[in-house]
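Coordinate-derived values only; no laboratory data. For clarity, every value in this text was computed on a predicted model and none was experimentally measured. FYI the Cβ positions are ideal-geometry reconstructions off the backbone, even for glycines, and counts take in every protein chain you see.
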Amino acid sequence: MSADGTSAATRFLRTTGQHAVIEADEFTEGGFVLSIGGAEQSHVNLADPADIFYEYLRRIGHVVDLAAPWGEPITALHLGAGALTLARYIQATRPGSVQYAVELERELLDFVLQQLPLPEGTSLQTVIGDARESLGALPAELRFDVVILDVFSGPEAPAHLACTEFYQEAAARLTERGVLIVNVGDDPGLTLVRSQVAALRRAMADVAAFAETGMFSGRYPGNIILTGTRRPWPAVWTAALTARGPHPAKVLSGVELDVLSD
C-alpha cells in the first residue's frame, strides 16, 4: 500500500522511458520501496525516517553522523535524490538542517514528494537537472557540510561526473569541515572504484573507503563508500565507522587505500 492508501503508485519517467513504482514494504511498518524499471532503488520508513534499510545508505548515514557534532544542523547537498532517504535521515537526526537535492528526472522527484511526503519542518530545496551543471548553477555563496553523490551504478559512469575536475568543483563547495561522500556501485575487479579513488585523491586533502569487508577483495559486485575530506582523515572516524557497521565493516585510508589505486 502506498502512502496515500493505494496498493501501489506508478509514474512514467520521460527521461529514461521507465516506470517508477512506490509500494508498501510488507515487512516494515511505515516502510515503502521505490522501484524503477523493475529494480528496487530506495527504501523509506515514513514512521521512522532515521531508520535506513539499505546497507550502503546506512554507511553513508554513519559518515554524515561524523561530519558535525551529534544533532547539530548542517547544510547538505544531495546529487541524485532517489526517494530522499538520506534527506529524511538528516532532518530526523539533525533538525533545522538546510538541504538541497538535485535530480535529473523531474517526474521522479515530483512522484516521490507526492507519494512520500517529507517530515514536517524539512528545509529542502529541489533542483531539476544534471548534477554537474546544477552544482555550478547554485548560488556562489552556498557552502555545504556534506555533499553526497549517489548516481553511479556499475562500471558505466557518466564521464563528466566520474572525474577529478568534477570533484574539485564539488570540493570548492564544502565548508572547512565539509565531506564529499561518493557511493560507487561496481562489479568484480572494482575498475570504477579504483578510478574514483584516484580522481578523489587529486581533488581532496584525504580520502577513505568504507564498505563490507569482503568488497575490498574485488571478487564481488556491490557498493563502496568513498569519502573525501579537506583535512587529514581522522583515525577516530575509522574506529567509529568500523564499530557502527553494518558488520563486517572495514575502512581503508592512508597507505592502506593504495590497494585501490588506479
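Observations on the structure shown:
- Sparse packing (at most 15 other Cβ atoms within 10 Å of the Cβ) combined with a DSSP loop state is found for the following trypsin sites (Lys or Arg not before Pro) in region 1-67: Arg14.
- As a proxy for reagent exposure, Thr238, Thr16, Thr85 were ordered by neighbouring Cβ count within 10 angstrom, fewest first; the result is Thr16, Thr238, Thr85.
- Kirkwood Rh and Cα Rg combined as Rg over Rh, evaluated for the chain: 0.94
- Span-like helix ranges in the chain, DSSP H, alpha carbon extent 30 angstrom or more, Kyte mean at least -0.5: none
- Structure-based [θ]222 nm, the chain - -39500 (n - 2.57) summed over DSSP H runs of at least 4, per residue, nearest 500: -7500 deg cm²/dmol
- For region 65-105, alpha-carbon Rg and Dmax in angstrom: 10.3, 34
- Vicinal HN-Hα couplings computed from phi for region 221-234 (Karplus, 6.51 cos²θ - 1.76 cosθ + 1.60; Hz; Gly/Pro x): x, x, 10, 10, 9, 9, 10, x, 10, 8, 10, x, 4, x
- Of all stretches in the chain that contain no GluC sites (Glu not before Pro) in a DSSP loop with at most 16 other Cβ atoms within 10 Å, the longest one is 157-262.
- Cα convex hull volume per residue for region 1-157 (Å³): 116
- Likely footprinting exposure, Arg230, Arg88, fewest C-beta neighbours within 10 Å first: Arg230, Arg88
- Normalising the Debye intensity of region 157-262 to I(0), with uniform scatterers on Cα atoms only, and taking log10 at q = 0.15, 0.17 Å⁻¹ returns -0.58, -0.74.
- Each residue of region 211-257 gets 75 Å³ once the volume of the Cα convex hull is shared out per residue.
- Gap separating the Cα centres of region 84-134 and region 155-171, nearest whole Å: 22
- Structural descriptor for the chain: relative contact order 14 percent, calculated from alpha carbon pairs under 8 angstrom and at least 6 residues apart.
- For region 58-135, projected area of the alpha-carbon convex hull averaged over all directions, nm²: 4.9
- Taking the centroid of alpha carbons for each part, region 188-219 and region 25-51 are 28 Å apart.
- Around the Cα centre of region 53-260, unit charges on the Cβ atoms of Lys, Arg, Asp and Glu (plus for the first two, minus for the last two) sum to a dipole of about 580 debye.
- In sequence order, calculated HN-Hα J values of region 7-23 (Karplus, 6.51, -1.76, 1.60; Hz; x Gly/Pro): 5, 6, 10, 10, 8, 7, 9, 5, 5, 9, x, 10, 9, 9, 10, 10, 9
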